[in-house]
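Asker: The structure's right below; bear with me while I get my questions together.
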Amino acid sequence: MSGRVIIAGLGPGSEALVTPEVSAALAEATDVVGYIPYVRRIAPRPGLTRHESDNRAEIDRARHALALAVAGRRVVVVSSGDPGVFAMASAVFEAVEHGTPAWRELDIRVLPGITAMLAAAARAGAPLGHDFCAINLSDNLKPWALIEKRLRLACEADFAMAFYNPRSASRPEGFARTLDVLSECCAPDRVIVFARAVSTPEEKIDVQALSDATPEMADMRTVVLVGSSATRLIRRTGAPFVYTPRSVPA
Ligand SMILES: C[S@@+](CC[C@H](N)C(=O)[O-])C[C@H]1O[C@@H](n2cnc3c(N)ncnc32)[C@H](O)[C@@H]1O
């Protein structure tokens, strides 16, 4: 078999949420390339080389994977969730576009995974049941002014929203600013779901009103879902169901 690159999503954490297609690709791989914690999810076995790299080394990691494939290896680049959502698929194609012509001719495939916002939405009920958008709140790869503009426009359009990378130790202020913008644009009872480590043993789902939300409720293992103005809570014993109706009256 000649060399190839498969860019695969491992889902949010539980092995039960890894697709059979991804498991089959991993079983055939000679090399797994990715961020350290994701590569460590793949059990070692004879014939498999695991290449771990730091989170900030995405393009270098992509080039490494492509070079291995040109040398005839069957490479799987792993991401958490879905590889096309704030993850390695774009990095690989960016490397292909700017790299050696041989990389364009490689067999390169993207295998989807269950992204964090969908795993979180399923736990809460159906908060993304109508129109929604996803925003990465990290300003590592784009300016904060653009994030804030998109936030304000998403509020104006009354989208439900999913926030990835909401708050890290090195940039705690961004999520506090996000809550300030939401408070300016939305009613205080707007539903907000903090979904941490979904589908892992540390999972925690916390449903709040916007007025009660604090920056400390999110960290880098949390995806935050904000309802639209139509999103509803069904209160009952234990956690409420959160859902957004399928229709908006004319
Ligand atoms: C760099 S993004 C990668 C997203 C990933 N490709 C996906 O589709 O889920 C990392 C962010 O995804 C979210 N995330 C990933 N796994 C999660 C999980 N199991 N529970 C909650 N949020 C998660 C967090 O917001 C985290 O900061």
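Asker: Could you work out [θ]222 nm for the chain from helices alone, using -39500 (n - 2.57) per DSSP H run of at least four and dividing by all its residues? Round to the nearest 500 deg cm²/dmol.
Answerer: -9000 deg cm²/dmol
Asker: Okay, which of region 1-32 sit inside 11 Å, backbone N to the point 7 Å along the Cα-Cβ direction of residue 200?
Answerer: Hits in region 1-32 for residue 200 at 11 Å: 12-14.
Asker: Here's something else I'd like to know. What net charge do the residues around residue 92 carry, taking every other residue with its C-beta under 13 Å from that of residue 92, with Lys and Arg at +1 and Asp and Glu at -1?
Answerer: 0
Asker: What's the angle, to the nearest 10 degrees (0 to 90), between helix 58-70's Cα axis and the longest principal axis of the chain?
Answerer: Here the helix axis deviates by roughly 30 degrees.
Asker: How big is region 117-243 by Rg and Dmax over its Cα atoms, in Å?
Answerer: Final numbers for Rg and Dmax: 13.5, 43 Å.
Asker: While we're looking at this one, here's another question. Any idea of the accessible area per residue across region 170-238, 1.4 Å probe, to the nearest Å²?
Answerer: For region 170-238, the per-residue accessible area is 51 Å².
Asker: Taking the 0 to 90 degree range and rounding to the nearest ten, how far is the long axis of helix 144-156 tilted relative to the main principal axis of the chain, both from C-alpha atoms?
Answerer: 50
Asker: For the chain, what log10 I(q)/I(0) values come out of the Debye formula at q = 0.16 1/Å, with one point per alpha carbon and no solvent?
Answerer: Each listed q corresponds, in turn, to -1.12.
Asker: Moving on. Please report, to one decimal in angstroms, the Kirkwood hydrodynamic radius of region 149-223 built from all distinct Cα-Cα pairs.
Answerer: Values: mean 1/r = 0.0779 Å⁻¹.
Kirkwood hydrodynamic radius for region 149-223: 12.8 Å.
Asker: Also, quick follow-up: Using mean Cβ contacts within 10 Å as the protection proxy, how do 157-163, 213-219 order, highest first?
Answerer: Most protected by this proxy first, the peptides run 157-163, 213-219.
Asker: Which angle between 0 and 90 degrees, to the nearest 10, do you get for helix 173-185 versus the longest principal axis of the chain when only C-alpha atoms count?
Answerer: 40
Asker: Continuing with the same structure: Calculated FRET efficiency, residue 45 and residue 235, Cβ-Cβ r, R0 51 Å, to nearest 0.05?
Answerer: The formula returns an efficiency of 0.55 here.
Asker: Simple spin-label model, 7 Å along Cα-to-Cβ: residue 105 to residue 56 in nm?
Answerer: Each label point is offset 7 Å from its Cα along the Cβ direction, giving 3.7 nm.
Asker: Next question, about the same structure. Of all DSSP beta bridges located in the chain, what percent are antiparallel, nearest 5?
Answerer: 40
Asker: Give me the distance in nm between label points sitting 7 Å out from Cα along the Cα-to-Cβ direction at residue 148 and residue 126, one decimal.
Answerer: Rounded to a tenth, the inter-label distance reads 3.7 nm.
Asker: Give me the 1.4 Å probe accessible area per residue for region 4-114, excluding ligands and nucleic acids, in Å².
Answerer: 48
Asker: Oh, and also: Could you run the Debye sum over the Cα atoms of region 21-107, one equal point scatterer each and no solvent, and tell me log10 of I(q)/I(0) at q = 0.15 Å⁻¹, two decimals?
Answerer: -0.51
Asker: Mind ranking 15, 52 by accessible surface for me, highest first, 1.4 Å probe?
Answerer: 15, 52
The values are calculated or read from the model by the stated rules, or taken from the named source; none is laboratory data. Bear in mind the structure is a predicted one, so any value in this text is a computation, not a measurement. No Cβ is skipped: glycine too gets one built from the backbone with ideal geometry, and neighbour counts run over all protein chains shown. Side chains included, ligands, DNA and RNA excluded: accessible areas come from the protein's heavy atoms. Shrake-Rupley method; radii C 1.70, N 1.55, O 1.52, S 1.80 Å.
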